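Please read the structure below before turning to the comments.
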Amino acid sequence: MNRLILALILLLFLAACAGKAPAPLPLPSDEPSSGKVDPLLPVDWANVDGWQRDDLTAALEAFQKSCRAVGGRERWQLVCDEAAKIDPPSATQARIFFEKFFVPHQVRNKDGSEGGLITGYYGPELAGSREPTDRFRYPLYAQPEDLLIIDLDEIYPELENYRLRGRVVGNRVVPYFERSEIDNGNNLLAGHEIFWVEDPVELFFLHIQGSGRIRLPDGELVMVSYANQNGHRYHSIGKLLLERNAMTRDQMSMQNIRRWVSEHPEEGRKLLAENPSYVFFRELPAEFTLPPGALGVPLTAQRSLAVDPRTIPLGAPVFLATTFPGSNQPLQQLMIAQDTGGAIKGQVRADFFWGMGQDAGAIAGRMKQDGRMWVLLPKKPDELEFQTQVKTDNFASEVN
């Protein structure tokens, strides 16, 4: 990563100083120069562990939502058109649809291994207000106007997955304010508050989850969602607690982290500040009862998955084989890649959306499972034509 940062700095320096844009520099790679592993390996349906045991109806309904965002793209247009014809879907129709129009691909890590970390997330619900009071003192901020976002792929296409964020001071671009600077009481973002909430620890976890609901004093529920981020890397406070022997790995869960911070107010405040990443929010229209993921469509509880889009395209069905938190009970079902996350980096890495509220949070906070994934990619039109022709030829042979 340090090499990548140095490469980015060099690219920006050359672009600023040269009379014309320099030739793009090769990106540093952690992979060996030979024997590169393709992260997506086509396999047969029989190789997808648990495929035959899942009722695919809910997954098809979630996929139909994804088609609102990806259905106009060439790669997805045909399968989305076919999905729209199944209304309402049955389990049999859903299975026929996925097996006819998709090819499963085993997702593999750079070293060729097939296992990875599967965590869980949810939409928290916080008590809050549109105005600050003695009870509601901790603000949610909208995206500030001085947050500068630089898409590097506009100059260097090979950097399409990288953005720089910062702010302008004089004639220099400097990093944006860190969490410790924003929360130090100096009101650096005054005027950008959209809500105030009661509990700063719950607010911190709202930042981690990226979206949730605010329950106003009159009982109204308002959905808020990720708008942007300050550009600083996410630092896990759970990892810090482990390193400092404040908690064992077996004790590690969202609930225990929350409890530790609440029981150690001063140390807890300093611990939260050690994560420099900070999230800005937006209020969603009243029709939203579930948060939209990175794809822009409402998530589906227990069927939406956050992935690293550098490997798995958003909108794609993903079959997940893992276990329920705290048990060896298999959790094998078809999910839809509809979200991303700051901590979701790598090939076999995903975040399972459990839904809204405390019950969903209780299980999401305990989920740290080993798992494997298969991404379903649409067949090409010529593959479908060949498949149809083979069936026709076989039928003719049987008749004759």
*Where in the chain are the DSSP H helices whose alpha-carbon span along the long axis reaches 15 Å or more and whose Kyte-Doolittle mean is at least -1.0?*
2-17, 57-70, 74-84, 91-101, 381-399
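When a/c is below 1.5 the answer is rounded, else prolate if a/b is larger than b/c, else oblate, so apply that to region 62-204 with a ≥ b ≥ c taken from the square roots of the Cα gyration tensor eigenvalues. Write out the running numbers ahead of the final one.
Working: a/c = 2.35, a/b = 1.65, b/c = 1.43.
The shape class here is prolate.
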*Count the net charge of all other residues whose Cβ sits under 12 Å from the Cβ of F353, scoring Lys and Arg as +1 and Asp and Glu as -1.*
-1
_Electrostatic dipole magnitude of region 192-344 [Cβ: Lys, Arg +1; Asp, Glu -1; Cα centre; debye, to 20]_ = 520 debye
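Which links in K100/K380; K239/K368; K65/K368; K65/K379 stretch past 18 Å when you go from one Cα to the other?
Those over the limit are K65/K368; K65/K379.
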*Local electrostatic count, A83, Cβ distance below 15 Å [Lys/Arg +1, Asp/Glu -1]*: +4
_Rounded, prolate or oblate for region 188-270? Axes are the square roots of the Cα gyration tensor eigenvalues, ordered a ≥ b ≥ c, and the cut-off for rounded is a/c under 1.5._
prolate
*Relative contact order [Cα under 8 Å, 6+ residues apart], the chain, whole percent*: 23 percent
*Relative contact order, percent, of region 124-283 when contacts are C-alpha pairs under 8 Å separated by at least 6 residues?*
32 percent
*Which order results if V279, V173 are arranged by neighbouring Cβ count within 10 Å, fewest first?*
V173, V279
*Over the chain, what lengths in whole Å, largest first, do the semi-axes of the equivalent ellipsoid take, defined as the square roots of 5 times the eigenvalues of the alpha-carbon gyration tensor?*
39, 28, 21
_Classify region 124-283 from the C-alpha gyration tensor, please: rounded if a/c falls under 1.5, else prolate or oblate depending on whether a/b exceeds b/c._
oblate
_Amide H contacts of H232 (H built 1.01 Å from N, under 5 Å, at least 5 apart or other chain)_ = Y278
_At 222 nm, what value in deg cm²/dmol follows for the chain if DSSP H runs of at least 4 each add -39500 (n - 2.57) and the sum is divided by all its residues, to the nearest 500?_
-9000 deg cm²/dmol
*What number comes out for the charge environment of G326, summing +1 per Lys or Arg and -1 per Asp or Glu over other residues with Cβ under 13 Å away?*
+1
_I'd like the antiparallel share, as a percent to the nearest 5, of DSSP beta bridges with both residues in region 124-283._
90 percent
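Can you sort T340, T248 so the residue with the fewest Cβ neighbours within 10 Å comes first?
Sorted ascending by nearby Cβ count, the order is T248, T340.
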*Round to a whole angstrom and tell me the spacing of the C-alpha centers of region 298-335 and region 76-145.*
8 Å
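Just rank W374, W76, fewest to most, by other beta-carbon atoms within 10 angstrom.
W76, W374
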_Relative contact order (%) - criterion: Cα under 8 Å, at least six apart; region: region 218-331_ = 33 percent
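FYI, it's all coordinate maths here, none of it is from the lab. None of these values were measured; they are calculated from a predicted model. In this analysis, Cβ positions are derived from the backbone assuming ideal geometry, glycine residues included, and neighbour counts consider all displayed protein chains.
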